[in-house]
Each structure stands twice: as C-alpha cells, then as structure tokens.
1. Evaluate segment 183-191: report whether one residue or more is part of a helix (DSSP H, G or I) and either more than 18 Å from the chain's Cα centre (by Cα) or closer than 12 Å to Leu73 by Cβ (or both).
2. Can we say Asp38 is free of Cβ contacts under 8 Å to residues at least 40 places away in the same chain and in a loop (DSSP other than H, G, I, E, B)?
3. Given the options Ser112, Ser120, Ser191, name the one that is of a type in the set (S, T, N, Q), within 28 Å of Glu25 (Cβ to Cβ) and open to solvent by less than 60 Å² (accessible area, probe 1.4 Å).
4. Just wondering, is there one or more residues in segment 136-157 that are in a loop (DSSP other than H, G, I, E, B), without any contact (Cβ under 8 Å) to a residue 12 or more places away in the chain, more than 16 Å from Leu31 (Cβ to Cβ) and open to solvent by 90 Å² or more (accessible area, probe 1.4 Å)?
5. If you go through segment 194-207 one residue at a time, how many are in contact with a strand residue (DSSP E or B) (Cβ under 8 Å, 6 or more places away or on another chain) and either surrounded by fewer than 18 Cβ atoms within 10 Å (Cβ to Cβ) or in a helix (DSSP H, G or I) (or both)?
6. What number of residues within segment 52-101 satisfy the criterion of being in contact (Cβ under 8 Å) with a residue 24 or more places away in the chain, open to solvent by less than 50 Å² (accessible area, probe 1.4 Å) and outside any loop (DSSP other than H, G, I, E, B)?
7. Only one residue in Asp174, Asp133 is open to solvent by 20 Å² or more (accessible area, probe 1.4 Å), within 13 Å of Leu73 (Cα to Cα) and either not in a loop (DSSP other than H, G, I, E, B) or not β-branched (Val, Ile, Thr) (or both), so which one is that?
8. Would you check if there is a residue in segment 62-72 being within 13 Å of the chain's Cα centre (by Cα) and over 23 Å from Ala185 (Cα atoms)?
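The values are calculated or read from the model by the stated rules, or taken from the named source; none is laboratory data. No experiment lies behind these values; they were computed from the predicted model shown. Note: ideal-geometry Cβ built from the backbone for every residue, glycine included; neighbour counts use all protein chains shown. Just so you know, the surface numbers come from the protein's heavy atoms only, side chains and all, with ligands and any DNA or RNA stripped out. Shrake-Rupley method; radii C 1.70, N 1.55, O 1.52, S 1.80 Å.
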Amino acid sequence: GMRMVPINMEIPKGLLKVHGQCLIERTIEQLHEAGVTDIKIVVGFLMEQYEYLIDKYGVELIYNPEYMTKNNLTSLSYADKYIHNTYIIPCDVWCKDNPYSKTELYSWYMVSDKMSDQSSIRVTRDLQLAKADEYLGVRMIGISYIEGKVAQELGAAVKKMSSESSYTNAFWEDALFALKTRINARIVPDSDTVEINTYEQLREFDN
C-alpha cells in the first residue's frame, strides 16, 4: 500500500473509490450476484474502516497483526482453515465483468493474455500454469478459485511457509506455485481487469 501515498495515509487501498464505487464493495457485490455470501476479509492497516462491511454485507473480518512486517502469504495464513472451495481475491483488482460463479468445476488462477516482464509464470500447452526461469510471463491477476486436492495442499503449504522467516516477504502465490499439483490457467483479456498498485495507475484509470 505504500505505493499509494499520499492517498492511503487515511484510506486503506481496498476502500478506494474507482469510478464512484469502492473497490472491495464492487467485489463483494459481484460475489453476491453469483450467490457467494460466506465472505472473510483479512484486514490490518486501518482495520476499523472495514467494520461497516459487517453490517452492510454480513462479512467476517479476520485481523492480521503482522500486516506491517510481512506480505500477503501471512495474511492468507490467518484464514488458511477456510481454503476449501474458496475464491482467493486481492482487494485492489477491479473487474469489468463479474468473474465469479455459483459453480466452479476445478481450481484455477486468473492470468491476463498479455505478457509481463514482472512475471515468471507461463501457460503450458494444456493450459496449466508453470514457473519459468526467466521474467517474461503472463500477467498475474491474483484472483483464484481453489478446491479439492489443491485446497488441501495449499492450506498446508501456507501454514508451513508463513511460519518460516525466509518467507517473510512472500506472496501467497509462492505457496501455490510450490505445490506438486499443477493448477489450471483462467486466461482473460488484459482489458478486463485493472490492478491498482500505485497512485499513477489509479489516476490513469480514473482521473
């Protein structure tokens, strides 16, 4: 969130308004439209600002006391017992169309059809995701659906890795791509999602 200075000094990134709608409310409402209402939100910075969502949408807040010193692998570890037939969604992704469904047939991770020199993830011929040696892969969006064997393996990996100091700065995807079980790629057009990482990106998308 530090890349959003000065905006996020008073407002956590998930509560930023983009095109007149709060980022996290847009996600919650898209989930509700798909019939998904059991929603947990891991909070840390300015957590009290998220409390209104409990009454408005019936969500549950999970507090991560380590949010200042660790990355989102640790955030997910505080909700690891809920990884079962579960969407994992970052708060800073704006989706043009609703990507969620009442029924999912398999585990997947969403990627863009655009290449990025910030990613080392590639899509194999059978549409599964794999780590590459070089940094020129598909853009990782961060939205995922996890079920079955993948859910069991991911929950265990997140719990183990988050307890090790070498993973202090790790993203939760580091646990996902460390699994023996491959995960399917859900490829979407690059224009369908926008990740709000910096003040400049927000201003470019919604001046």
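1. Of the residues in segment 183-191, the ones part of a helix (DSSP H, G or I) are 190-191.
Checking which are either more than 18 Å from the chain's Cα centre (by Cα) or closer than 12 Å to Leu73 by Cβ (or both) leaves us with none.
Looking for residues that are part of a helix (DSSP H, G or I) and either more than 18 Å from the chain's Cα centre (by Cα) or closer than 12 Å to Leu73 by Cβ (or both), one finds none in segment 183-191, hence no.
2. Details: free of Cβ contacts under 8 Å to residues at least 40 places away in the same chain: yes; in a loop (DSSP other than H, G, I, E, B): yes.
Yes; evaluated as a whole, the condition is true for this residue.
3. Numbers: Ser120 fails: within 28 Å of Glu25 (Cβ to Cβ); Ser191 fails: open to solvent by less than 60 Å² (accessible area, probe 1.4 Å).
The unique qualifying residue is Ser112.
4. No, that holds for no residue.
5. Of all residues in segment 194-207, those in contact with a strand residue (DSSP E or B) (Cβ under 8 Å, 6 or more places away or on another chain) come to 194-196, 201-202, 205-206.
Of the ones still in play, those that are also either surrounded by fewer than 18 Cβ atoms within 10 Å (Cβ to Cβ) or in a helix (DSSP H, G or I) (or both) are 195, 201-202, 205-206.
Qualifying residue count for the region: 5.
6. Summing the residues that are in contact (Cβ under 8 Å) with a residue 24 or more places away in the chain, open to solvent by less than 50 Å² (accessible area, probe 1.4 Å) and outside any loop (DSSP other than H, G, I, E, B) in segment 52-101 gives 14.
7. Details: Asp133 fails: within 13 Å of Leu73 (Cα to Cα).
When all the criteria are applied, what remains is Asp174.
8. Just the residues of segment 62-72 that are within 13 Å of the chain's Cα centre (by Cα), to begin with: 71-72.
Those still in the list that are over 23 Å from Ala185 (Cα atoms) too: 71.
Checking segment 62-72: at least one residue is within 13 Å of the chain's Cα centre (by Cα) and over 23 Å from Ala185 (Cα atoms).
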